[in-house]
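Written out below as structure tokens is the structure these notes cover.
The values are calculated or read from the model by the stated rules, or taken from the named source; none is laboratory data. All figures in this text were calculated on a predicted structure; none of them were measured in a lab. Cβ: placed from backbone, ideal geometry, glycine included. Neighbour counts: every protein chain shown.
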Amino acid sequence: MANASILQVLFDEIPPDYDRKQELKAFDDTKEGVRGLEEAGVTKIPRMFYTPPDGIDIRILNLSDDDEAFKIPVIDLGGINMGNNFARRKIVIDEVRHAAETWGFFQIVNHGIPLNMIDGIHERVRRFSEEPKEERSKFYTRDLTKKVVYNCNFDLFRAPSANWRDTLSFMIAPDSVTLEELPPAFRDVAMEYLKHIMNLGIELSELLSEALGLDRNHLKEIGCLEGLFLAFHYYPPCPQPELTLGASKHADDAFFTILLQDQIGGLQVLHQSQWIDIPPVRGGLVINVGDLLQAIWSECLLDVKVMWSSLSHCRSISVRICATAVAVHCTLFLVIALSWDLRRTSPTTTIAASAAALLLAALRLEIIAAASSGSERVSWNSMIAGYAFQGKFVDAFDLYRNMCSDCCNPDLSTMVSLLSSCVRPEALLHGNLIHSHAIQSGFDSDVTLTNTLISFYSKLGDIDSARFLFNGMNERTRVSWTALIGGYAEKGDVDEGFALFRAMEATGEKPDAVTLVAVLSVCGQAGTLELGRWIHEYATSNGLGKNVIVCNALLDMYSKCGSMSEACEVFLSISERTIVTWTTMITGYALNGEFKLALDVFSQMVVLGLRPNHLTFLAVLQACAHAGFVEKGWTLFRTMTEVYKISPIL
């Protein structure tokens, strides 16, 4: 792109009286952005936009039609939701999986957003950006909590160099911008466009979920679509494009990002250590696997680094839609919710750690600790929660000791995370020590901690200690009751478990789906079919009969009680069957000696395009073993290892 020696001279010759902060502030105070510099007719860009040599002296690979290894994957989404076209959907899912694993990004066409809508949005961005500065400045702000934000570089005062672009962004979810809050240039098309974006976001989350071998709704259910925002980038012509970039090289810190570039282009991505230009596809969208999605399934997906060149001869426009992590903490791991409101400095640390991307979290820990005083406890807790999520109590306690030696006092969140990591019998002593520390620190009266202790003692078989804590509570929540019922389920004590369920009802505390799952587990463990049927009726009369989690628990209960006919009725009643649903049904048939039916259900699942996981294969291989289907078992084993790339584990 640029000559490195010229760039280096420019950086070496910084005037001694140069005050970068003053230049940044003076520029920002104009509220005109880069568009204001264009209007002023500048012929030399301000020094604040100079990109360091190592960031701009990058060779872009010029591709020819013969460069098969560097052809950008283009996936046609047409027809994937037409009727029962499962074969077509499976082909697309396989293409998405391959692109995400080998590239980390891909382009999509026939995605459902009309071409005239895409052109219309580009026109609205241009129209807004070229409005008089008095109109644009009404939306200019550095307050990122506002629903509509217009400025030049979100990180203007933190980044080593500013990028040659202005950005208008607004929230889609969880708290969507209203029509009245939008700039007038967007009001005639915004709501329809937002509807298309939401539908596409759902479709992509489903495809990525299935590509990862998960239930179609998995990413949506863990909150991947609860934070959606739109960013419209405007790149004016640059008088010195060799000195700056429209967007510096970066990886997107989101679950996934949808990029729409105009026909001018400018987008480059890093692939196999080569920067490759992404030529615009008319009406096409670029999908980028973000840091958070890559972190959760780091063994499967590649994330990708992108940048945007600045151009001297023309302006360009891009649209960026990000699926972020507003509410993942509520569904991934209970402990994470406790630390979320302490500070907003490390949400991505929390999510990455809880998703087992501990290396990524450790990196963010160092960054946050260096950049934000007083936030160290939040970052320590995020790392501890990450190890807890994996059940690595030894590693979690090592961090806990380091935290204490660093003069950072553990808090309630620390205690809950540590207790949650103690899931194996050998962790009982560690849990007892944390219980003692919690009492000394005055946390023993906290309801959340007590609930965690009840769950801890129940899982490790000490139901008496769990009951003692439960009986001593002044205030019991639904979680308290459910945790203890789960403890009796672990023990197989159906009488105490059901008595506790009835006592919970008597207090006016309404059981939820998780409570019913715990009670059904008690019934399944003890083989009490009549009681299980009563719980089934209770779930139906209380509006939980169609809840997929409850239905899966009913399948398990009926299977363990030997009533496969009733299990089959439940299975057929489930409108959206998850991988857990299919696996439970396969396990049920195998458990009851109906091995051929178990294999038939497995075959039907594969035909429908669902991706079996290791538990599914465990169930079907056990069915083959018990039935003596040796050849079929070997075929399935090879399918597991060679087709689905699932390694056998002990």
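All told, ILE121 meets the bar of being assigned to a helix (DSSP H, G or I) and in the same structural domain as ILE172 (by TED's automatic domain parsing).
With respect to the conditions (1) modelled with pLDDT of 90 or more; (2) under 30 Å from ILE93 (Cα atoms); (3) more than 23 Å from the chain's Cα centre (by Cα); (4) not aromatic (Phe, Trp, Tyr), ILE108 lacks only one, and its number is (3). Please enumerate the residues belonging to region 88-116 that are assigned to a helix (DSSP H, G or I) and either aromatic (Phe, Trp, Tyr) or surrounded by fewer than 20 Cβ atoms within 10 Å (Cβ to Cβ) (or both). ARG88, LYS90, ILE91, ASP94, GLU95, ARG97, HIS98, GLU101, THR102, LEU115, ASN116, listed by residue number.
Has region 577-593 got at least one residue that is outside any helix (DSSP H, G or I), of a type outside the set (A, V, I, L, M, F, W, C), over 23 Å from VAL643 (Cβ atoms) and assigned by TED's automatic domain parsing to the domain that holds THR641?
yes
Among residues of region 152-164 that are in contact (Cβ under 8 Å) with a residue 12 or more places away in the chain, those with a beta-carbon under 8 Å from a residue that is surrounded by 24 or more Cβ atoms within 10 Å (Cβ to Cβ) and among the basic types (Lys, Arg) at least six positions away or on a different chain give the pairs CYS152/ARG165; ASN153/ARG165. Each residue in region 379-435 was checked for being at pLDDT 75 or above, of a type in the set (A, V, I, L, M, F, W, C) and not in a helix (DSSP H, G or I), and 1 of them qualify. The test for being among the polar types (S, T, N, Q) and over 22 Å from PHE256 (Cβ atoms) holds for ASN153. Being surrounded by fewer than 19 Cβ atoms within 10 Å (Cβ to Cβ) and under 23 Å from PRO279 (Cβ atoms) is a description that does not apply to HIS196. Scanning region 214-238 for residues that are in contact with a Leu (Cβ under 9 Å, 6 or more places away or on another chain) and at pLDDT 80 or above yields ARG216, LEU230, ALA231, PHE232, HIS233, TYR234, TYR235, PRO236, PRO237, CYS238.
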